[in-house]
Amino acid sequence: MTDAKPFASLTPDHILDAVEDAGLRCDGNLLALNSFENRVWQVGQEDAAPVVVKFYRAARWSDEAILEEHAFTLELAAREIPVVAPLRLRGSTLHHFEDLRLAVYPRRGGRAPELEDPQVLEWLGRFMGRIHAVGALAPFAARPTLDVDSFGEASVDFILDSERIPEQLEQTWCSVAEQALDAARLCFERAGRVRTIRLHGDCHAGNVLWTPDGPHFVDFDDARMGPAVQDLWMLLSGDEQAMARQLDHVLAGYEDFADFDRGELYLIEALRTLRLLHFAAWLARRWDDPAFPAAFPWFDGPRYWEEHILALREQVALMEESPLVRLCG
């Protein structure tokens, strides 16, 4: 199978055969769920609730890295932290079936959290503090660390090699991208000696499901080592005053369970910049997957890159100013 069609074998029959090989009895009902990096299906069972099955993209993570993610979520769940961890079936959480690797999860519902509500933010902060208290107990061995080189420099190199940038914009983009990387490095220098811990890694509102009993956290696929603030800044939105108020509420809950180094406030805009670069590189890496041009048609045109250049310029200014350091530090 080529990278251009990474899930070509994922037919309904193949899905059902793979899940039954893992130890479940399927009733034939399948529902595709929204996912691009991997493929995720809701699968019905005979005489039991449906489950959610994730089929991993080949060559993205090693088996060891996937099992580290699983072990982390199981460690959190064992401490009654509300995360959705994989089911252990036939002695393992990771299963192989012919060309596929898969994990099976319990189905959990919920809605997006109301991030404008101070009580919701404080509640999220408490659980994130608990997650990070556990994440600080031991490092990942097989998963990478989020830093300027891996998320920024490597992304810029790949984008240039992919030749996706329109020729008339390439020189401008290169110049602005280098300015952004330099500014991000300065932010890390200002932050000082930052502790890296095991993180969720992609803790935006879509990966938090809210129920009457509170939140639960899903999709630790991007878990890695990194600074604690990586799991906090994506919960913030609006202008700098709004983000400062929101961060105050998050930290009010967070610091009940874990210390937060205010020096990491210097990293917020740097991490946002690295995410912008990483996202563009991710699209370039996956462009041969037919799902990507269909879902992101705007990526393959000059307007996207013009807006990307503008966004990077704005980030350079924000990294120099570090507004949340001034308001919250």
In segment 54-64, the residues that are at pLDDT 95 or above, over 16 Å from HIS14 (Cα atoms) and either outside any helix (DSSP H, G or I) or of a type in the set (Gly, Ala, Ser) (or both): TRP61, SER62
When you go through ASP248, ASP288, ASP259 one by one, which is the residue that is over 16 Å from the mean Cα position of the chain (by Cα) and closer than 20 Å to SER322 by Cα? ASP248
What's the total number of residues in segment 291-327 that are more than 22 Å from the chain's Cα centre (by Cα) and of a type in the set (Gly, Ala, Ser)? 3
Output for Cβ contacts, cut-off 7 Å, separation at least six or different chains, first residue farther than 20 Å from ASP182 by Cα in segment 298-320, second among the polar types (S, T, N, Q) and not in a helix (DSSP H, G or I), reads none
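For segment 62-73, enumerate the residues that are out of contact with any Phe, Trp or Tyr (no Cβ under 9 Å at 6 or more places or on another chain) and touching a residue at least 24 places away in the same chain (Cβ under 8 Å). Even if it seems obvious, please write down each step before you answer.
Our first condition is that a residue be out of contact with any Phe, Trp or Tyr (no Cβ under 9 Å at 6 or more places or on another chain); within segment 62-73, this holds for 62-64, 67, 71.
Hits for segment 62-73 are SER62, ASP63, GLU64, LEU67.
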Taking segment 124-136 and keeping only residues that are small (Gly, Ala, Ser) and in contact with a helix residue (DSSP H, G or I) (Cβ under 9 Å, 6 or more places away or on another chain), one is left with GLY125, GLY129, GLY135, ALA136
Considering only residues that are surrounded by fewer than 16 Cβ atoms within 10 Å (Cβ to Cβ) and among the polar types (S, T, N, Q), look in segment 151-173 and name the one that is farthest from HIS249 (Cα to Cα). GLN168
Scanning segment 75-96 for residues that are surrounded by fewer than 17 Cβ atoms within 10 Å (Cβ to Cβ) and part of a helix (DSSP H, G or I), the one farthest from the chain's Cα centre (by Cα) turns out to be ALA78
Here is a list: LEU121, LEU67. Which entry is surrounded by 15 or more Cβ atoms within 10 Å (Cβ to Cβ), part of a helix (DSSP H, G or I) and either out of contact with any helix residue (DSSP H, G or I) (no Cβ under 6 Å at 6 or more places or on another chain) or small (Gly, Ala, Ser) (or both)? LEU67
Against the condition buried (at least 20 other Cβ atoms within 10 Å of the Cβ) and either at pLDDT 95 or above or not in a strand (DSSP E or B) (or both), how does VAL176 come out, does it pass? no
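Yes or no, residue by residue, for (1) of a type in the set (D, E, K, R); (2) at pLDDT 95 or above:
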| position | (1), (2) |
| --- | --- |
| ILE268 | no, yes |
| ARG272 | yes, yes |
| PHE279 | no, yes |
| TRP282 | no, yes |
| PRO290 | no, no |
| GLU306 | yes, yes |
LEU160: passes all of (1) at pLDDT 95 or above; (2) in contact with a strand residue (DSSP E or B) (Cβ under 9 Å, 6 or more places away or on another chain) but (2)
Residues that are outside any loop (DSSP other than H, G, I, E, B), aromatic (Phe, Trp, Tyr), in contact (Cβ under 8 Å) with a residue 12 or more places away in the chain and surrounded by 15 or more Cβ atoms within 10 Å (Cβ to Cβ): does segment 97-108 have at least one? yes
Residue pairs meeting the criteria (Cβ under 6 Å; at least 6 apart or on separate chains; first among the aromatic types (Phe, Trp, Tyr), in segment 118-138; second not in a helix (DSSP H, G or I)): TRP123/GLY214
Any chance you could count how many residues in segment 224-254 are in contact with a Phe, Trp or Tyr (Cβ under 6 Å, 6 or more places away or on another chain) and within 20 Å of SER35 (Cβ to Cβ)? 0
Lone unmet requirement of (1) buried (at least 18 other Cβ atoms within 10 Å of the Cβ); (2) of a type outside the set (Asp, Glu); (3) under 16 Å from LEU121 (Cα atoms) for GLY238: (1)
Would it be correct to say that LEU251 is crowded, with 21+ Cβ neighbours inside 10 Å, assigned by TED's automatic domain parsing to the domain that holds HIS308 and either more than 27 Å from SER162 (Cα to Cα) or touching a residue at least 12 places away in the same chain (Cβ under 8 Å) (or both)? no
Answer from ILE131, ILE165 - the residue that is aliphatic (A, V, I, L, M) and under 30 Å from ASP300 (Cβ atoms): ILE165
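The values are calculated or read from the model by the stated rules, or taken from the named source; none is laboratory data. Since the structure is predicted, the reported quantities are computational estimates derived from the model, not experimental observations. Using ideal geometry, Cβ is built from the backbone for each residue, glycine included, and neighbour counts are taken over all protein chains shown.
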